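Trainee: Here it is, the structure, as structure tokens.
Derivation of every value follows stated rules applied to the coordinates shown; laboratory data play no part. Worth saying up front: this structure is predicted, and the values here are computed from it rather than measured. Reconstructed Cβ throughout: ideal geometry from the backbone, glycine too, with neighbour counts over all protein chains shown.
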Amino acid sequence: MYIIHIATELAPIAKVGGLGDVLHGLSKELIRQGHTVEIILPKYDCLQYEELKNLKVEHRELWSFDGPHRYNNTIWSAQVDGLKVLLIEAHHPQYFFSRGVIYGCHDDIDRFIYFSRTAMEYLFKAGKQPHAIHVHDWPTALIPVLYRDMYIPLGYQAGGTILTIHNMEHQGKCHPHNLSRAGLRGESYLTADKMQDTSSLSLINLLKGGIEYASRVTTVSPNYEKEIQTVEGGFGLQDVLKKQQKKLRGILNGIDEEFWNPEKDSYLIKKYQTHGIDKQLLPQVLQGKKENRRHLTTHLQLKESNAPLVASITRLVPQKGPALLKHALKTTLEKGGQFILLGSTPIQSIHQEFALLQKELHNHGHGAILMDKDESLAHLIFAAADLFIIPSLFEPCGLTQLIALRYGTVPIVRLTGGLADTVFDIDTSTRPVAERNGFTFDFPDNKGVDWGLNRAIDCFKSDRSKWESLMLNGMKKDLSWKSATVEYLNLYRELKQPQEDGNKSKSNGKKTKSA
Ligand code: ADP
């Protein structure tokens, strides 16, 4: 099959969070299973350019639209870890993608509406007819609307569109005039069955548009699929999702098992094998973790210790429970453990709060806070730690618990979203004992954190055989993209195939006139 992803992140060239990892892992597995994949991204100035191979101009002139204005774009192609990417360089007077950041500009809505329109214009002009146009989250959720209301009427035809929701919290709410800049009549989309926001009735909601117009909608875990249809998890769109339930599916993310493999991980000081793990191989895991920990603690000027090392690697935003992470740090240190937090945040007040705590921990010897985004350090921490804590208020899928499991690090998680689909409590789960791989708690409060953390630290200290079976169960879990990819392929196949439709795109790049 031929799949085109249109997205705003791709690991490792443009990664903010899990979305970038998902694009990378899913695309690689699709290719491995024999399919053709192209990924369209903005050509940000802050791309990790050293990861791009064969970067070259594919099309020098692609005219696109921003309201009444017409702007040229250059389309570049390149390879990223064997994946074909197409990068849109916008020659727009507002330098939409030359801001040194991926998100966080005052005009993000306009930036990504322009990107969505230009990406569709490119597919149309280039005559690309994939079986599926797969878009991700609010920044590209407008594409299914453009496809149906602008490009099909122009004679363009693909198999259909798929929207994957990686996070319900961010929906791209804007004014009708923002939408008009894409060439649609913004006001006419301000109706309940189209793009009208469910609480601010004068606003357009881009994510809602994607849900209403896409051929299929997926989200990143079966449990999150249920949660987003409730008042607590739907962020106002629960009824829209319930209405569209038939085309909604929860598909659990995997991880890229080549990139996240302690046996081949070039960021580690000591590599160790966790694939095909059994009891005989456990000593080399323990030795590997020990040596990585020694290196990490020396680097961070922590005292050498055999006490349990608890870690967290996260964006520090309200969703991730920053106050609960602080509490976990305090409890761990009180119980004689060590704690390392690697976190970055766009929120000034959270940054200040953690910077203060970082100062307090200076010379402490058992706790470290790193306010940074650092891939190499993240790998080392996953390998060195004994426990990994995720006290999220909500978590669509969560990748860090999966990575922790792969590295033999036992997760402690709040039972929400994909965390509840992947981590099973050693004491309370109803799953078979051989599947139990961590510690869970129900409520996102200090008591909940303590319930998970105390049991985990006590188990580490006083029940070695239970501890080792937890590690083994975690490392044995299949975390690959294989089965998720089969599920996505089934969805792609359910779409109407472009070849079966007589009304193929008439575009040849010359005759077409855009709306
Ligand atoms: P989200 O997408 O909500 O940020 P996920 O758990 O789905 O959360 O994915 C987070 C990804 O980002 C993981 O690959 C994790 O290792 C990485 N990550 C998060 N924070 C940092 C950081 N400060 N430094 C390096 N990597 C990070």
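Trainee: Which pairs have Cβ atoms under 8 Å, sit 6 or more apart or on different chains, and link a residue in segment 4-20 that is in contact (Cβ under 8 Å) with a residue 40 or more places away in the chain and of a type in the set (S, T, Y) to one that is within 13 Å of the ligand (Cβ to nearest atom) and assigned to a strand (DSSP E or B)?
Mentor: The qualifying pairs are T8/A14; T8/H136.
Trainee: Among the residues of segment 2-11, what is the count of those that are farther than 17 Å from N253 by Cα and within 13 Å of the ligand (Cβ to nearest atom)?
Mentor: Count: 1.
Trainee: Please give the number of the condition A307 fails out of (1) part of a helix (DSSP H, G or I); (2) more than 16 Å from the ligand (Cβ to nearest atom).
Mentor: In the conditions (1) part of a helix (DSSP H, G or I); (2) more than 16 Å from the ligand (Cβ to nearest atom), A307 misses (1) alone.
Trainee: So L356 fits all but one of (1) part of a helix (DSSP H, G or I); (2) in contact (Cβ under 8 Å) with a residue 12 or more places away in the chain; (3) surrounded by fewer than 20 Cβ atoms within 10 Å (Cβ to Cβ); (4) not polar (S, T, N, Q); what number is the exception?
Mentor: All conditions pass for L356, except number (2).
Trainee: Are any residues in segment 94-122 free of Cβ contacts under 8 Å to residues at least 12 places away in the same chain and either among the aromatic types (F, W, Y) or out of contact with any helix residue (DSSP H, G or I) (no Cβ under 7 Å at 6 or more places or on another chain) (or both), and if so, which ones?
Mentor: Once the filter is applied, which keeps residues that are free of Cβ contacts under 8 Å to residues at least 12 places away in the same chain and either among the aromatic types (F, W, Y) or out of contact with any helix residue (DSSP H, G or I) (no Cβ under 7 Å at 6 or more places or on another chain) (or both), segment 94-122 yields Y95, H106.
Trainee: Across segment 4-13, which residue is nearest to R493 (Cα to Cα) among those that are among the aliphatic types (A, V, I, L, M) and in contact with a helix residue (DSSP H, G or I) (Cβ under 6 Å, 6 or more places away or on another chain)? Talk me through it step by step, then tell me what you get.
Mentor: Of all residues in segment 4-13, those among the aliphatic types (A, V, I, L, M) come to 4, 6-7, 10-11, 13.
So of that shortlist, the ones also in contact with a helix residue (DSSP H, G or I) (Cβ under 6 Å, 6 or more places away or on another chain) come out as 6-7, 10-11, 13.
Numbers: I6: 19, A7: 21, L10: 24, A11: 26, I13: 29 Å.
Result: I6.
Here is a yes/no grid of residues against (1) over 18 Å from the mean Cα position of the chain (by Cα); (2) within 16 Å of the ligand (Cβ to nearest atom):
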| residue | (1), (2) |
| --- | --- |
| D21 | no, yes |
| L41 | no, no |
| E61 | yes, no |
| Y71 | yes, no |
| I102 | no, yes |
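Trainee: Take segment 241-277 and flag every residue that is within 24 Å of T485 (Cβ to Cβ), within 16 Å of the ligand (Cβ to nearest atom) and either within 18 Å of the chain's Cα centre (by Cα) or among the hydrophobic types (A, V, I, L, M, F, W, C) (or both).
Mentor: Matches in segment 241-277: G250, I251, L252, N253, G254, I255, D256, E257, E258, F259, W260.
Trainee: Which one of the conditions (1) closer than 26 Å to R181 by Cβ; (2) among the charged types (D, E, K, R); (3) surrounded by fewer than 19 Cβ atoms within 10 Å (Cβ to Cβ); (4) within 24 Å of the chain's Cα centre (by Cα) does E50 fail to meet, given that it meets all the rest?
Mentor: (1)
Trainee: I would also like to ask the following. Would you point out the residue of segment 396-431, among those that are assigned to a helix (DSSP H, G or I) and of a type in the set (G, A, S), that is nearest to C459 (Cα to Cα)?
Mentor: Of the residues in segment 396-431, the ones assigned to a helix (DSSP H, G or I) are 400-406, 417-422.
Now restrict to residues that are of a type in the set (G, A, S): 404, 417-418, 420.
Values: A404: 18, G417: 26, G418: 24, A420: 21 Å.
Ranking the candidates gives A404 first.
Trainee: Filtering segment 338-352 down to residues that are within 16 Å of the ligand (Cβ to nearest atom) and part of a helix (DSSP H, G or I), which residue is surrounded by the fewest Cβ atoms within 10 Å (Cβ to Cβ)?
Mentor: Keep residues of segment 338-352 that are within 16 Å of the ligand (Cβ to nearest atom), which gives 339-347, 350-351.
With the extra rule that they be part of a helix (DSSP H, G or I), the set shrinks to 350-351.
Numbers: I350: 19, H351: 15.
Ranking the qualifying residues of segment 338-352, first place goes to H351.
Trainee: Has segment 288-302 got at least one residue that is away from the ligand (no atom under 16 Å from the Cβ), in a strand (DSSP E or B) and touching a residue at least 12 places away in the same chain (Cβ under 8 Å)?
Mentor: No.
Trainee: Of the residues L387, L419, L380, only one is more than 13 Å from the ligand (Cβ to nearest atom), among the aliphatic types (A, V, I, L, M) and either closer than 21 Å to S469 by Cβ or touching a helix residue (DSSP H, G or I) at 6+ places or on another chain (Cβ under 8 Å) (or both); which?
Mentor: L387
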